[in-house]
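The values are calculated or read from the model by the stated rules, or taken from the named source; none is laboratory data. Given the structure is predicted, the values throughout are model-derived calculations rather than measurements. Cβ atoms come from the backbone with ideal geometry, glycine included; neighbour counts cover every protein chain shown.
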Amino acid sequence: MPGRALLALLSILLVALAATEIYARLPASFLVTPLNLNPDETRQVVLIFHGSQDGGNPILDEIATRFRDLAALDSGTAVVNYRWDAGADERLRAAANARRLGDALGTELATLPKLERMRLITHSSGAFVADALCASLRETRSETWIEMTFLDPFGILGFIDWRYGVRNHGRCADFAVTFINRDDPTVASNSPLSQAYNRDVTASPRRDLFPRDGHYWPLRYYADFVDLAEVAPGIRTHTDYPRGELRTQTD
């Protein structure tokens with residue numbers, strides 16, 4: 001009897017685990033707001049995506065403003081700090097929802113006949129938007145230059161695969177870079193990415209002045225990091241900044 005009871009308990013646990021995994025991989029039915037960019041003028045797009053329960057993050061607004069100001073933007077460039085609260089706030093399915101959003105936006109962007117460059121900046125679970133958007137766009141627009149910046153990217157896909165992001169975030173991009181904080185409590189966000197050039201900003205002395213959880217420190221660091229060289233498209237490649245390499249920032 002004890003053996004049968006243990007077997008029954010294990011069976012229940014396995015079924016529960018399988019059900020949770022399936023649920024976490026299925027996106028919710030939420031409204032995807034289109035970008036509605038001008039098809040006759042748009043040559044470059046900068047998209048910024050927040051993480052779970054963080055749609056109003058003022059640092060992301062600041063990053064968007066920095067890009068608009070430093071790039072001396074004309075009508076051919078669009079900068080969008082995209083709100084996807086309805087998908088992001090359901091944390092267990094945030095990655096699945098992000099992939100659904102990215103797929104839809106990539107399909108929309110593929111219709112822009114003059115699109116030459118994409119810049120995708122993401123925090124936490126927003127990383128999954130960038131990957132899916134890139135894959136969707138690549139199906140018909142392989143010539144578009146795509147650059148990704150991951151800020152403390154969340155890496156769990158589903159409920160079981162905690163290393164998915166480490167293996168795959170940035171794989172689709174022409175150039176990908178991540179800024180990470182390695183000692184904050186947010187799970188699956190503290191490891192370098194295999195498919196991106198990595199900057200570890202944990203040891204920056206300016207972090208001591210930052211009042212929020214360390215998971216948000218890479219946003220503050222990056223907002224201060226953005227300069228003309230960072231905004232200029234396509235000047236960095238993985239020849240000079242290899243995928244998987246880690247640099248510790250102490251400034």
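Residue count for region 140-160 under the criterion of being surrounded by fewer than 24 Cβ atoms within 10 Å (Cβ to Cβ), of a type in the set (D, E, K, R) and modelled with pLDDT of 95 or more: the result is 1. Criterion applied to Arg206, Arg171, Arg167 was being more than 25 Å from Val231 (Cα to Cα) and surrounded by fewer than 24 Cβ atoms within 10 Å (Cβ to Cβ), and the one residue passing it is Arg167.
Filter region 186-199 for residues that are assigned to a strand (DSSP E or B) and closer than 24 Å to Glu116 by Cα and give the result.
Pass one, region 186-199, residues assigned to a strand (DSSP E or B): 197-199.
The answer is Tyr197, and nothing else.
Could you please let me know if Leu115 is over 19 Å from Glu41 (Cα atoms) and surrounded by fewer than 24 Cβ atoms within 10 Å (Cβ to Cβ)?
Judged against the criteria, Leu115 is not a match.
State all residues of region 83-113 that are part of a helix (DSSP H, G or I) and of a type in the set (Asp, Glu); if no residue qualifies, say none. Within region 83-113, Asp85, Asp103, Glu108 meet the criteria.
Hey, does region 79-97 have a residue that's over 25 Å from Ile156 (Cβ atoms) and of a type outside the set (Val, Ile, Thr)? So far as region 79-97 goes, no, none of its residues is over 25 Å from Ile156 (Cβ atoms) and of a type outside the set (Val, Ile, Thr). Return the residues of region 225-251 that are modelled with pLDDT of 95 or more and not in a loop (DSSP other than H, G, I, E, B); say none if nothing qualifies. Across region 225-251, the qualifying residues are Leu246, Arg247, Thr248. A count restricted to region 157-185 and to residues that are assigned to a strand (DSSP E or B), more than 24 Å from Asp213 (Cβ to Cβ), in contact (Cβ under 8 Å) with a residue 12 or more places away in the chain and more than 12 Å from the chain's Cα centre (by Cα) stands at 1. Filtering region 1-28 to residues that are of a type in the set (D, E, K, R) and either part of a loop (DSSP other than H, G, I, E, B) or in contact (Cβ under 8 Å) with a residue 40 or more places away in the chain (or both) leaves Glu21, Arg25.
Answer yes or no as to whether Thr122 is among the β-branched types (Val, Ile, Thr) and surrounded by 23 or more Cβ atoms within 10 Å (Cβ to Cβ). Yes, satisfied. Within region 29-82, the set of residues being among the polar types (S, T, N, Q), part of a loop (DSSP other than H, G, I, E, B) and either touching a Ser or Thr at 6+ places or on another chain (Cβ under 7 Å) or crowded, with 16+ Cβ neighbours inside 10 Å (or both) comprises Thr42, Ser52, Asn57.
The set of residues in region 114-156 being part of a strand (DSSP E or B) and farther than 21 Å from Ala86 by Cβ consists of Arg117, Met118, Arg119, Trp145, Ile146, Glu147, Met148, Thr149, Phe150, Leu151.
Residues that are of a type outside the set (Gly, Ala, Ser) and free of Cβ contacts under 8 Å to residues at least 12 places away in the same chain were ranked within region 32-81; the one that is farthest from Arg93 (Cα to Cα) is Asp74. Residue-level analysis places Leu115 among those that are of a type in the set (A, V, I, L, M, F, W, C) and over 18 Å from Gly55 (Cβ atoms).
Output yes when any residue across region 215-228 is over 26 Å from Ala71 (Cα atoms), touching a residue at least 40 places away in the same chain (Cβ under 8 Å) and either exposed (fewer than 13 other Cβ atoms within 10 Å of the Cβ) or within 19 Å of the chain's Cα centre (by Cα) (or both), and no when none is. Scanning region 215-228, I find at least one residue that is over 26 Å from Ala71 (Cα atoms), touching a residue at least 40 places away in the same chain (Cβ under 8 Å) and either exposed (fewer than 13 other Cβ atoms within 10 Å of the Cβ) or within 19 Å of the chain's Cα centre (by Cα) (or both), so the answer is yes.
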